[in-house]
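Bear in mind that the values in this text are calculations on the coordinates, not laboratory data. Small disclaimer: the values here were computed from a predicted structure and weren't measured. Quick reminder, even Gly has a Cβ in these numbers, built from the backbone with ideal geometry, and neighbours come from all protein chains shown.
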Amino acid sequence: MARYADPGALEWVESGGGPLIAVPEVVLPFWAGADSEELDTDYDRACEVSGYAGLLPVGDSAALVLGDEPAATSYLPEHGAFVRWSAANSERELLEGIPAALRAAVWEPELRWDVPGPVVLFDSAWPGGAADRQEHLRIPLPAGRYGVRAGYAQPGPETWVGLVQLTPLAH
């Protein structure tokens, strides 16, 4: 996995140019990526998502597509948020700006995502069965329903960040 800073830094996932996707582990085998005989592949469906985030059916669940730009992405459990590195002089600078970014972000309408358990973040072009052989990040989300809000912020003069925040919802 890509590392943008000294040892101990976050692990970042990048794509080859398309969107990243967070697929529940239990339905990973159902994500075909760009490998399909179908006219519209799963990757094509992911590329059609407009905005910063969207949901796509996968098996009997749904995957979260991180749209907009193919920015390096990590997950901050303390904020319940995927952080998308658009611009910053360092990882430290980017991470120090996250609290301000969460307060100042311009958010798109919230989505509802039913998550059956842990998810795997990877390049949507890859089939889910190959995710463990590619750059990926496993996020140990507890099963449940989440509110998903996605936005963009500029917490500093040279720092821009995309955010996709997950908030557990009561049943």
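Farther than 17 Å from Arg112 by Cα and surrounded by fewer than 20 Cβ atoms within 10 Å (Cβ to Cβ): does that describe Gly33?
Spelling it out, it is not the case that Gly33 is farther than 17 Å from Arg112 by Cα and surrounded by fewer than 20 Cβ atoms within 10 Å (Cβ to Cβ).
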Under 7 Å between Cβ atoms, at least 6 apart or on separate chains: pull out the pairs that start in segment 14-29 with a residue that is in contact (Cβ under 8 Å) with a residue 12 or more places away in the chain and under 18 Å from Val164 (Cβ atoms) and end on any residue that is surrounded by fewer than 18 Cβ atoms within 10 Å (Cβ to Cβ) and among the aromatic types (Phe, Trp, Tyr). none
The lone exception for Val65 - which of (1) crowded, with 21+ Cβ neighbours inside 10 Å; (2) touching a Ser or Thr at 6+ places or on another chain (Cβ under 8 Å); (3) more than 18 Å from Trp107 (Cα to Cα) it fails: (3)
Residue pairs qualifying under the 6 Å Cβ cut-off, at least six apart or on distinct chains, with the first in segment 137-158 being under 20 Å from Ser15 (Cβ atoms) and the second being in a loop (DSSP other than H, G, I, E, B) and charged (D, E, K, R), are Leu137/Glu11; Ala150/Glu108
Whichever residue in segment 116-150 is within 11 Å of the chain's Cα centre (by Cα) and either farther than 21 Å from Val83 by Cβ or small (Gly, Ala, Ser) (or both) and, among such residues, is surrounded by the most Cβ atoms within 10 Å (Cβ to Cβ): Ser124
